[in-house]
1. For the stretch 116-235, what are Rg and Dmax over the alpha carbons, in angstrom?
2. Nearest 0.05, what FRET efficiency do L131 and Q166 give at R0 = 41 Å with Cβ-Cβ as r?
3. Just to confirm my numbers, what's the Cα centroid distance between the stretch 8-48 and the stretch 83-154 in Å?
4. Kindly identify the stretch 83-159 as rounded, prolate or oblate by the Cα gyration tensor criterion: order the square roots of the eigenvalues as a ≥ b ≥ c, call it rounded if a/c is under 1.5, otherwise compare a/b with b/c, prolate if a/b is larger, else oblate.
5. Tell me, what is the FRET efficiency for S191 and S77 to the nearest 0.05, using R0 = 45 angstrom and their Cβ-Cβ distance as r?
6. On a straight-distance basis, which aspartates and glutamates could pair with K273 in a cross-link, Cα separation under 13 angstrom, same-chain partners fewer than 8 positions away excluded?
7. With a sphere of radius 13 Å drawn around the Cβ of E112, what net charge do the other residues whose Cβ falls strictly inside it have (Lys, Arg +1; Asp, Glu -1)?
8. Between Y20 and A247, with labels modelled 7 Å along Cα→Cβ, what's the label distance in nm to one decimal, could you check?
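Nothing in this text is a laboratory measurement; each read-out follows from the coordinates by a stated rule. Quantities reported herein were computed from a predicted structural model and do not represent experimental measurements. Backbone-built Cβ (ideal geometry, glycine too); neighbour counts: all protein chains shown.
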Amino acid sequence: MEIVPTGNKTITEFVLLGFYDIPELHFLFFIVFTAVYVFIIIGNMLIIVAVVSSQRLHKPMYIFLVNLSFLEILYTSTVMPKMLEGFLQEATISVAGCLLQFFIFGSLATAECLLLAVMAYDRYLAIGYPLHYPLLMGPRWCMGLVVTTWLSGFMVDGLVVALVAQLRFCGPNHIDQFYCDFMPLVGLACSDPRVAQVTTLILSVFCLTIPFGLILTSYGRIVVAVLRVPTGASRRKAFSTCSSHLAVVTTFYGTLMILYVAPSAVHSQHLSKVFSLLYTVVTPIFNPVIYTLRNKEVHQALRKILCIKQTLD
């Protein structure tokens with residue numbers, strides 16, 4: 001990124017304004033979001049430990065779930081420390097740090113979009129083709145899908161960051177958001193950001209609508225397959241498994257599409273911050289709460305871990 005002096009001043013850092021307009025609530029927000037952040041870390045770590053420690057959970061569904069937990073721990077940790085800092089004092093971030101935060105967060109969010117689509121496809125195979133599922137979702141194919149989602153996320157957002165890095169920033173340096181997001185950042189550019197904006201829009205449409213279309217297709221086929229199952233426990237179990245994933249998908253994709261595919265739908269920066277909170281804070285809470293509370297196999301693994309710990313104590 002080219003840093004351009006304005007008079008005697010050179011831009012070396014950005015100021016993240018966050019929720020600057022409601023200072024009377026900053027301390028309360030700090031307490032609440034600190035508790036939320038700790039819960040996200042502990043909750044997702046428990047899922048990872050439960051799956052890794054239990055041989056019974058070494059299945060594609062839970063391998064994808066572990067990767068989802070890793071993604072949410074990482075991208076929440078990329079954003080929330082600076083947000084919490086902003087509740088106590090002015091949150092500043094260097095130009096390089098802003099680009100790095102934008103790159104890591106965007107890459108992980110893109111990877112999660114793709115991973116959620118993979119998880120829907122996995123559920124479709126498990127429900128629609130139960131006898132052939134072990135062959136269709138073998139270990140090598142499962143790990144190949146996981147690696148592809150991670151690499152694709154970093155490749156896509158690497159291109160966006162490379163374009164943003166070519167822009168000139170000559171002031172002002174206040175970003176009206178609690179993290180380095182694309183729209184507020186390019187809005188501060190002194191040079192023409194249209195190439196970066198158009199490229200980001202195209203990539204956003206590609207990385208959001210295509211996986212979301214695959215998810216809808218998978219769930220459409222799942223519904224058809226489940227309706228063929230005789231009414232009873234098997235049907236309820238299938239719908240219960242899918243409803244957990246669908247709740248995460250609805251919140252995550254819904255907010256991202258509004259912010260990046262149809263940004264004109266958000267008429268104020270305040271509303272934009274609310275939507276940003278939904279996929280940076282609310283969705284990572286959904287993962288441990290929904291998947292853990294509604295999954296008996298994870299329950300059993302966690303109880304086993306706790307029993308072992310009590311025995312050792």
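1. Just the Cα atoms of the stretch 116-235 yield Rg and Dmax of 20.8, 66 Å.
2. On the way: r = 53 Å, r/R0 = 1.30.
Rounded to the nearest 0.05, the efficiency is 0.15.
3. After rounding, the separation between the Cα centres reads 22 Å.
4. Values: a/c = 4.79, a/b = 2.67, b/c = 1.79.
Taking the square roots of the gyration eigenvalues as a ≥ b ≥ c, the stretch 83-159 is prolate.
5. Details: r = 32 Å, r/R0 = 0.71.
The pair S191/S77 has a calculated efficiency of 0.90.
6. Answer for K273, where 13 Å is the Cα cut-off: D21, D176, D181, listed by chain and number.
7. Values: positive: none; negative: E72, D157.
Residues close to E112 contribute a combined charge of -2.
8. About 3.7 nm separates the two model spin labels.
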